[in-house]
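Colleague: Here it is: the structure, laid out below.
The values are calculated or read from the model by the stated rules, or taken from the named source; none is laboratory data. Being a predicted model, the structure only gives us computed values, none of them experimental. All Cβ positions, glycine included, derive from the backbone under ideal geometry; neighbour counts span all protein chains shown. Surface accessibility is based on the protein's heavy atoms, side chains included, excluding ligands, DNA and RNA. Shrake-Rupley method; radii C 1.70, N 1.55, O 1.52, S 1.80 Å.
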Amino acid sequence: MQKMEQKERIEVALIQVAVRAGETPWARVAGLLDRARGADLIVLPELWGVGYFDFSAWRERAEPLHGETLEFLSAEARRLDAFILGGSFIEEEDGRYYNTAVFIDPSGDLLGRYRKRHLLSYKSREREILTP
């Protein structure tokens, strides 16, 4: 893990992505990440790769923790020399599905993950599909 130097302030970039059903916004997100170059910490939104309300795609687009999303975000963290809070993606492990957020350092190493514990029910199928 890379040691973070002492700073008086840090630059944070927040990225918002509107995802259309069936879209995989990798190229668009890569461009937005590039525009955040120079930030110390870049934060992506929840389920940016699949879209929050595209419930029918969640299972089919789920992946293991060390899958395509983590590989992409790790490479971007290295390229941008920034910490990335990777929003979240649908993680599949042992037949269960999780809304998982990852935190990556500028070396591209996974520092931690968080699986959403408090699943929504209002206008959502989270509780039906995901495991807390």
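Colleague: Where in the range 84-126 are the strands (runs of 3 or more DSSP E), entirely inside, with at least 3 residues that are over 29 Å from residue 38 (Cβ atoms), out of contact with any helix residue (DSSP H, G or I) (no Cβ under 6 Å at 6 or more places or on another chain) and in contact (Cβ under 8 Å) with a residue 40 or more places away in the chain?
Modeller: Because the criterion is at least 3 residues that are over 29 Å from residue 38 (Cβ atoms), out of contact with any helix residue (DSSP H, G or I) (no Cβ under 6 Å at 6 or more places or on another chain) and in contact (Cβ under 8 Å) with a residue 40 or more places away in the chain, no strands (runs of 3 or more DSSP E) in the range 84-126 meet it.
Colleague: Shifting gears a bit: For a quick check of your reading of the model, give me the residue pairs whose first member lies in the range 15-29 and is over 13 Å from residue 52 (Cβ atoms) and open to solvent by 40 Å² or more (accessible area, probe 1.4 Å), whose second is not in a loop (DSSP other than H, G, I, E, B) and not charged (D, E, K, R), with beta-carbon atoms closer than 9 Å and at least 6 apart or on different chains.
Modeller: 22/57; 26/72
Colleague: Taking the residues in the range 48-77 that are among the acidic types (Asp, Glu) and part of a helix (DSSP H, G or I) as candidates, determine which candidate is most open to solvent (accessible area, probe 1.4 Å).
Modeller: Only one residue tops the list, namely 71.
Colleague: What tally of residues in the range 5-23 results from selecting those that are part of a loop (DSSP other than H, G, I, E, B) and of a type in the set (A, V, I, L, M)?
Modeller: Summing the residues that are part of a loop (DSSP other than H, G, I, E, B) and of a type in the set (A, V, I, L, M) in the range 5-23 gives 6.
Colleague: Now, a different point. If residue 38 meets every condition in (1) small (Gly, Ala, Ser); (2) over 27 Å from residue 11 (Cβ atoms); (3) over 16 Å from the mean Cα position of the chain (by Cα) apart from one, which number is that one?
Modeller: In the conditions (1) small (Gly, Ala, Ser); (2) over 27 Å from residue 11 (Cβ atoms); (3) over 16 Å from the mean Cα position of the chain (by Cα), residue 38 misses (2) alone.
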